[in-house]
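Since the structure comes first, as structure tokens, the remarks are kept for the end.
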């Protein structure tokens, strides 16, 4: 395993431990590497809207969490600066939604990430694009092995 992968895994582990919102929704961090994260979330009955489908806010939260993990995978504290989402298809109770976040550009303190949310059958439910901004500090304390910005 290379150092950048180990750093991404440490940042992901640290962030997940500090993220009660994602944990409460049953989200799991399934994979992480520099500039990439994949998260999953089961659709529960209490996540359904008045149409009997997964509320778009939960789909958004899954995409936003995957975005957060991907843009923090370099171990620099990074926040969302803006995003858009397009809903394509509904999620259903019992579905397992997967959000795959991929870094498209990273320059200086800003980045652009595309996130695709699909169900367990691979049907695309939403497309999310997030813009990130790096702020001060690091996600995981590296002790004597790391530095600062």
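The values are calculated or read from the model by the stated rules, or taken from the named source; none is laboratory data. Keep in mind it's a predicted model, so treat the numbers as computed, not measured. Virtual Cβ from ideal backbone geometry, glycine too; neighbours counted across all protein chains shown.
Among residues belonging to the range 50-77 that are assigned to a loop (DSSP other than H, G, I, E, B) and more than 21 Å from residue 135 (Cβ to Cβ), point out the one that is nearest to the chain's Cα centre (by Cα). My answer is 55.
Without any contact (Cβ under 8 Å) to a residue 60 or more places away in the chain, farther than 21 Å from residue 130 by Cβ and crowded, with 21+ Cβ neighbours inside 10 Å - does that describe any residue in the range 9-29? No: the range 9-29 contains no residue that is without any contact (Cβ under 8 Å) to a residue 60 or more places away in the chain, farther than 21 Å from residue 130 by Cβ and crowded, with 21+ Cβ neighbours inside 10 Å.
The set of residues from the range 39-49 being in a helix (DSSP H, G or I) and surrounded by fewer than 19 Cβ atoms within 10 Å (Cβ to Cβ) comprises 45, 46.
Given the structure, is residue 68 touching a helix residue (DSSP H, G or I) at 6+ places or on another chain (Cβ under 8 Å) and at pLDDT 95 or above? Judged against the criteria, residue 68 is a match.
Beta carbons closer than 6 Å, at least 6 apart along the sequence or on distinct chains, pair a first residue in the range 74-98 that is over 29 Å from residue 8 (Cα atoms) with a second that is assigned to a loop (DSSP other than H, G, I, E, B) for 89/123; 90/53; 91/43; 93/43.
Could you check, for the range 20-34, whether at least one of its residues is in contact with a strand residue (DSSP E or B) (Cβ under 8 Å, 6 or more places away or on another chain), over 20 Å from residue 114 (Cα atoms), assigned to a helix (DSSP H, G or I) and at pLDDT 95 or above? No - not one qualifying residue is present in the range 20-34. Residue 63 meets each of the listed conditions (1) crowded, with 19+ Cβ neighbours inside 10 Å; (2) in contact with a helix residue (DSSP H, G or I) (Cβ under 9 Å, 6 or more places away or on another chain); (3) under 24 Å from residue 8 (Cβ atoms) apart from (2).
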